[in-house]
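Undergrad: Got a structure for you, questions after.
The values are calculated or read from the model by the stated rules, or taken from the named source; none is laboratory data. Bear in mind the structure is a predicted one, so any value in this text is a computation, not a measurement. Virtual Cβ from ideal backbone geometry, glycine too; neighbours counted across all protein chains shown. Ligands, DNA and RNA are excluded from the accessible area calculation, which covers all protein heavy atoms including side chains. Shrake-Rupley method; radii C 1.70, N 1.55, O 1.52, S 1.80 Å.
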Amino acid sequence: MEAVVTCRELYKIYTMGGQEVRALDGVSFDIHEGEFISIMGPSGSGKSTLMNMIGALDVPTTGSLRIAGEDIATMTPDDLASLRNRTVGFVFQQFNLLRRTTALDNVKLPLLYRDGSLDEAKIRAIEALRRVGLEDRMDHHPSQLSGGQQQRVAIARALVNNPKIILADEPTGALDSQTSEDIMQLFSELNDHGVTIIVVTHEQEVADLTRRILRLRDGHIIADEREDLVA
Amino acid sequence: MSFVNSFFTALQALRLNGLRSLLTTLGIIIGIASVIVMVAIGNGARKSVEEQIERLGSSMLTVFPSTRASRGQASGRFMPFSEKTMYALELELPDVLAVTGDISAQVTLVSAETDWATTVRGVNATYPLVRNQLVADGDFFAAEDVTSGRRYAVIGATIQREVFGEISAVGASIRLNNVPFEVIGVLAATGETFRGRDSDDVILAPLKTVRDRLAGNWRPVPDRIDSMYFLFRQGIDIDEAKADLETALRLDRNIEPGQNDNFRVLSFASFVQARNETSKTFSYLLAAAAGISLLVGGIGIMNIMLVSVTERTREIGLRMAIGARRRDIMIQFLIEAVVLCTIGGLIGLALGLGGAYAITSLAEWEILIEPSLVIIAIVTSLAVGIVFGFFPARQAARLSPIDALRYE
């Protein structure tokens, strides 16, 4: 399997109040196409920073990071925007849907930032909603949907551009345990169809539902557990 | 993101804050309305000046006496002109086509039916030519009538209407201050008013007749006239002709170099323009009001857009996370500001047109509504939207996606 994420000696160093903070302190790993992986760690471990890098929202201080074969150090801001649009799909803890906008229009949103007709965008958005089982709710506004349904709409939005990677930041953090399981089940199904899923979480139960766990602490990888090795 | 999509996104965002959006555009509405009224009045004034100059002739000069201001004091009385001077000037100045003198008197017209207080003006037979005045009915008097002092009268349209009604006054006998006259013609209406007086409420009669019988003689200048009109050949430089005329008159009236003139020469262009000074002043006031309103309105737009950017920080972060480039965010907010201003501009256009019509009926200023007003309204509001929307839009586009997503 080809690597979709390649990190080599990744450093992210901030200066805060004159003090140097190493959010990432020399991190190296690969994520291969089709993996279902969780990144775990307490707050301050650097997992959010790592997620921002993989999502092309941030660039490393030093080190190399390749996403879907492209070196993000050499990319312009517009290239990074295009990468976020086509290669990565984001899912957030707070869903981040636009209020007072229908589920369908929320899902269509990423398609408006790339070329293509509006008719095609609608067809693809409906297809994405169908994949998360919400095609009958496409005219509902977020406020008319349950938390789980809202997160499904957000996942449909992440899926609509057929990304290589879905990057989920605490996707179950705002949901009850039953709904959390359903969402993780949905991720698992999407993963079965070949989408690489990366879940950032601090919950062990959530991480246990993935097939590989990358544990971070103080900017270092302290463990890289694979299902086949664990089992 | 395509322009059409950005446009609908902007409309949607504005609709969600309907009242706030409307209040924000109030300054723009007032500003654009002022611009529209200003331009309508300005165009109207320009058109009326052009029309009057065209009708009255751009090659005519009016000369009338004035008091001479010397050492800060107005000295002496008005020094009238004489016919002798007028004819001498006509010969002396090469480009003069025709001249007429003018001497006026207040009279009471007594006809068979009624009395009418009006002004009688003694003029030469050349008056219709010099002043481009048409005779609607009957005839104007001839040069012999002036020299022989015939008691002929040509009446203005207002007198025909008010004193004689529907029946033509031509051939009627009238008395002006007890002097019998025969009406031989009726002037075409000019439709003008000057200093609040109706220009058609006038009687024209031979110059000599009026001076001898109605205006009263003045011993030092037996052939006096109050003012003179000079018609020049078309196409000459009227300012040069005016300068020549002034030089000749200064010589005739023995005015030493350095002394002030005791007469004034006006071209009709300046005459008419002076009459439109009031509407011009009003236009300047409106321009100032428009400028201030647009500035304040623009700052209002900027303020509300900054509020909008802050309120929607998370939305901006999300849009960036799913692939919006900085340019897309910038355009989204810029279009929102421009749409807001344009809506205000269109409301202002409607208000301005209404205001312009109200002003014509109140102040009797001519206005001119042209399709270009619509373009002016739209272009001005577009410009305000772009100028004042730029800063907030740039603020939005410069947000870091990570910080924006995390914004509470």
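Undergrad: Within 12 Å of chain B (Cβ to nearest Cβ), over 27 Å from B:Ala404 (Cα atoms) and not hydrophobic (A, V, I, L, M, F, W, C): does that describe A:Gly116?
TA: The answer is yes for A:Gly116.
Undergrad: Pairs only if they're at least six apart or on different chains, beta carbon under 6 angstrom, first in the stretch B:366-390 and within 17 Å of B:Val37 (Cβ to Cβ), second of a type in the set (Asp, Glu) and at pLDDT 95 or above; list them, first residue then second.
TA: Going by the 6 Å Cβ cut-off, there are no qualifying pairs.
Undergrad: Oh, and also: Within the stretch A:64-84, is even one residue surrounded by 18 or more Cβ atoms within 10 Å (Cβ to Cβ), in contact (Cβ under 8 Å) with a residue 40 or more places away in the chain and facing chain B (nearest Cβ under 10 Å)?
TA: Among the residues of the stretch A:64-84, not one is surrounded by 18 or more Cβ atoms within 10 Å (Cβ to Cβ), in contact (Cβ under 8 Å) with a residue 40 or more places away in the chain and facing chain B (nearest Cβ under 10 Å), which makes the answer no.
Matching residues to (1) without any contact (Cβ under 8 Å) to a residue 24 or more places away in the chain; (2) open to solvent by 10 Å² or more (accessible area, probe 1.4 Å):
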position: B:Val296; (1), (2): no, yes
position: B:Leu306; (1), (2): no, yes
position: B:Arg314; (1), (2): no, yes
position: B:Met320; (1), (2): no, no
position: B:Arg325; (1), (2): yes, yes
position: B:Gln332; (1), (2): no, no
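Undergrad: Quick one: is A:Asp136 surrounded by fewer than 17 Cβ atoms within 10 Å (Cβ to Cβ), more than 19 Å from A:Thr172 (Cα to Cα) and within 13 Å of chain B (Cβ to nearest Cβ)?
TA: No.
Undergrad: Related question: Does any residue of the stretch A:88-101 turn out to be surrounded by fewer than 17 Cβ atoms within 10 Å (Cβ to Cβ), modelled with pLDDT under 90 and within 20 Å of B:Arg326 (Cβ to Cβ)?
TA: no
Undergrad: Output the residues belonging to the stretch A:25-45 that are of a type in the set (Gly, Ala, Ser) and either under 17 Å from A:Asp208 (Cα atoms) or open to solvent by 10 Å² or more (accessible area, probe 1.4 Å) (or both).
TA: A:Gly26, A:Ser28, A:Gly34, A:Ser38, A:Gly41, A:Ser43, A:Gly44, listed by residue number.
Undergrad: Return the residue satisfying two criteria in turn: it lies in the stretch B:340-352 and is of a type in the set (A, V, I, L, M) and buried (at least 22 other Cβ atoms within 10 Å of the Cβ), and of such residues it is modelled with the highest pLDDT.
TA: B:Leu349
Undergrad: Considering only the stretch B:353-394, state which residues are crowded, with 18+ Cβ neighbours inside 10 Å and either within 14 Å of another protein chain (Cβ to nearest Cβ) or polar (S, T, N, Q) (or both).
TA: Within the stretch B:353-394, B:Thr380, B:Ser381 meet the criteria.
Undergrad: Moving on to the next point. Residue check, A:Val107 against (1) in contact with a Leu (Cβ under 7 Å, 6 or more places away or on another chain); (2) in a loop (DSSP other than H, G, I, E, B), all met but one. Which one?
TA: (2)
Undergrad: Report yes if A:Ser143 is open to solvent by 90 Å² or more (accessible area, probe 1.4 Å), in a helix (DSSP H, G or I) and small (Gly, Ala, Ser), otherwise no.
TA: yes
Undergrad: Here's something else I'd like to know. Can you name the number of the only condition in (1) among the aliphatic types (A, V, I, L, M); (2) open to solvent by 10 Å² or more (accessible area, probe 1.4 Å); (3) more than 12 Å from chain A (Cβ to nearest Cβ) that B:Ile301 fails?
TA: (2)
Undergrad: Would you confirm, using the coordinates I've provided, whether B:Val120 is part of a strand (DSSP E or B) and at pLDDT 90 or above?
TA: So B:Val120 fits the description; yes.
Undergrad: Let me ask something else. Which one of these is open to solvent by less than 40 Å² (accessible area, probe 1.4 Å) and either within 12 Å of another protein chain (Cβ to nearest Cβ) or not in a helix (DSSP H, G or I) (or both): A:Ala168, A:Ala125?
TA: A:Ala168
Undergrad: Filter the stretch A:24-63 down to the residues that are within 14 Å of another protein chain (Cβ to nearest Cβ), among the charged types (D, E, K, R) and part of a loop (DSSP other than H, G, I, E, B) and list them by number.
TA: Selection gives A:Asp58 alone.
Rundown of residues vs (1) surrounded by fewer than 22 Cβ atoms within 10 Å (Cβ to Cβ); (2) more than 14 Å from chain A (Cβ to nearest Cβ); (3) assigned to a helix (DSSP H, G or I), yes/no style:
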site	(1), (2), (3)
B:Leu11	yes, no, yes
B:Leu19	yes, yes, yes
B:Leu23	yes, yes, yes
B:Gly27	no, yes, yes
B:Val63	no, yes, no
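Undergrad: Would it be correct to say that B:Leu362 is part of a loop (DSSP other than H, G, I, E, B) and within 25 Å of the chain's Cα centre (by Cα)?
TA: So B:Leu362 does not fit the description; no.
Undergrad: Which condition number in (1) within 14 Å of another protein chain (Cβ to nearest Cβ); (2) open to solvent by less than 60 Å² (accessible area, probe 1.4 Å); (3) part of a strand (DSSP E or B); (4) not charged (D, E, K, R) is the one that A:Tyr14 fails?
TA: Checking A:Tyr14 against (1) within 14 Å of another protein chain (Cβ to nearest Cβ); (2) open to solvent by less than 60 Å² (accessible area, probe 1.4 Å); (3) part of a strand (DSSP E or B); (4) not charged (D, E, K, R), the one that fails is (2).
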